[in-house]
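Q: Below you will find the structure I want to go over with you.
The values are calculated or read from the model by the stated rules, or taken from the named source; none is laboratory data. The shown structure was predicted, so the numbers you read here are calculated from the model rather than taken from an experiment. For neighbour counting, all protein chains shown are included, and Cβ atoms are generated from backbone atoms with ideal geometry for every residue, glycine included.
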């Protein structure tokens, strides 16, 4: 895993967006289409904005997925990740196809449906973040499994994960944050050829430290990213430890 640290969140997002843009174009120079998985979180705002504004990408050759979705929210709830991604990027570019997770009815059946779509062809690019508890997608420490046999599953969200949704301003209070979600599993995320992981802000510093320096363990699910052959980690000055800046800081 290669770490890139920037002095501001804006510079971090622009650099990560540019790197994804470059990778999309490189892949489309070698193949007719590609498949991408997107995270839906405020931490991804700058990257998504860069990509949505890019005039260098032929989105008509890109099929989009997202990596998790709450169970039980109203269809028009702004907190739904499908709605977030529609607003940030899916409604702003002309994608070949968009496959959204439906968190409304029969979650187990929806997991099977979405897994079948994901399994049709390889995943080329995954744009993801890291949660305050070290999760990737909604694979919190209690449910994370590096050898998961499922591609998509229903999970119970742990208390720290749910509190992060309040901290991020997505929900007004903990009691209205859903307790269950559908998530892509860790092997599904790790199957992507190229992972762009963007993690800004001081509340992520502990998780970043564990990801980079702790044991590779489901105690910090994101630590598995260190084993991926092509994972690029983008941090800002607030999410990176001070001693990590030396030799990495890019302005």
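Q: Sort out which residues of segment 173-187 are modelled with pLDDT under 95 and in a helix (DSSP H, G or I), and write them in order of number.
A: Within segment 173-187, 174, 175, 176 meet the criteria.
Q: Among the residues of segment 19-29 satisfying the criterion of being in contact with a helix residue (DSSP H, G or I) (Cβ under 7 Å, 6 or more places away or on another chain) and either outside any helix (DSSP H, G or I) or without any contact (Cβ under 8 Å) to a residue 40 or more places away in the chain (or both), which is farthest from residue 124 (Cα to Cα)?
A: Looking at the filtered set, the residue picked out is 21.
Q: What number goes with the only condition from (1) farther than 25 Å from residue 203 by Cα; (2) surrounded by fewer than 19 Cβ atoms within 10 Å (Cβ to Cβ); (3) touching a helix residue (DSSP H, G or I) at 6+ places or on another chain (Cβ under 9 Å) that residue 86 does not pass?
A: (3)
Q: Could you grab me the full set of residues in segment 90-100 that are closer than 21 Å to residue 180 by Cα and either in a loop (DSSP other than H, G, I, E, B) or over 18 Å from the mean Cα position of the chain (by Cα) (or both)?
A: 100 - this is the single residue of segment 90-100 that is closer than 21 Å to residue 180 by Cα and either in a loop (DSSP other than H, G, I, E, B) or over 18 Å from the mean Cα position of the chain (by Cα) (or both).
Q: Filter segment 30-50 for residues that are touching a strand residue (DSSP E or B) at 6+ places or on another chain (Cβ under 8 Å) and either farther than 19 Å from residue 18 by Cα or not in a strand (DSSP E or B) (or both) and give the result.
A: Selection gives 33, 39, 40, 43, 44, 46, 47, 48.
Q: I need every pair where a residue in segment 57-84 that is touching a residue at least 24 places away in the same chain (Cβ under 8 Å) and on the phi > 0 side of the Ramachandran plot has its Cβ under 9 Å from the Cβ of a residue that is surrounded by fewer than 17 Cβ atoms within 10 Å (Cβ to Cβ) and not in a helix (DSSP H, G or I), sequence separation at least 6 or different chains.
A: Correct list of pairs: 72/104; 72/179; 72/180.
Q: Is there a residue being within 22 Å of residue 14 (Cβ to Cβ), touching a strand residue (DSSP E or B) at 6+ places or on another chain (Cβ under 8 Å) and not in a helix (DSSP H, G or I) anywhere in segment 201-221?
A: Taking every residue of segment 201-221 in turn, at least one turns out to be within 22 Å of residue 14 (Cβ to Cβ), touching a strand residue (DSSP E or B) at 6+ places or on another chain (Cβ under 8 Å) and not in a helix (DSSP H, G or I).
Q: Still on this structure, I have one more. Yes or no: residue 239 assigned to a helix (DSSP H, G or I), more than 14 Å from the chain's Cα centre (by Cα) and modelled with pLDDT of 90 or more?
A: no
Q: Check whether at least one residue in segment 151-161 is in contact (Cβ under 8 Å) with a residue 60 or more places away in the chain, within 15 Å of residue 39 (Cβ to Cβ) and out of contact with any helix residue (DSSP H, G or I) (no Cβ under 6 Å at 6 or more places or on another chain), and report yes or no.
A: No, segment 151-161 has no match at all.
Q: Out of all the residues in segment 101-115, which are at pLDDT 95 or above and over 20 Å from the mean Cα position of the chain (by Cα)?
A: 107, 108, 109, 112, 113
Q: Ok, one more. Count, please, the residues in segment 51-73 that happen to be under 27 Å from residue 135 (Cβ atoms) and either assigned to a helix (DSSP H, G or I) or touching a helix residue (DSSP H, G or I) at 6+ places or on another chain (Cβ under 8 Å) (or both).
A: Counting residues in segment 51-73 that are under 27 Å from residue 135 (Cβ atoms) and either assigned to a helix (DSSP H, G or I) or touching a helix residue (DSSP H, G or I) at 6+ places or on another chain (Cβ under 8 Å) (or both) gives 11.
Q: Mind listing just one residue for me: the one in segment 51-81 that is out of contact with any strand residue (DSSP E or B) (no Cβ under 9 Å at 6 or more places or on another chain) and crowded, with 16+ Cβ neighbours inside 10 Å and, of those, nearest to residue 139 (Cα to Cα)?
A: Going through the qualifying residues, I end up with 73.
Q: Within segment 1-14, can you find the residues that are surrounded by fewer than 19 Cβ atoms within 10 Å (Cβ to Cβ), in contact with a strand residue (DSSP E or B) (Cβ under 8 Å, 6 or more places away or on another chain) and farther than 20 Å from residue 222 by Cα?
A: Matches in segment 1-14: 7, 8, 11.
Let's see how each residue does on (1) within 17 Å of the chain's Cα centre (by Cα); (2) at pLDDT 95 or above; (3) at positive phi:
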residue	(1), (2), (3)
144	yes, yes, no
148	no, yes, no
151	yes, yes, no
158	no, no, no
171	no, no, no
189	yes, yes, no
207	yes, yes, no
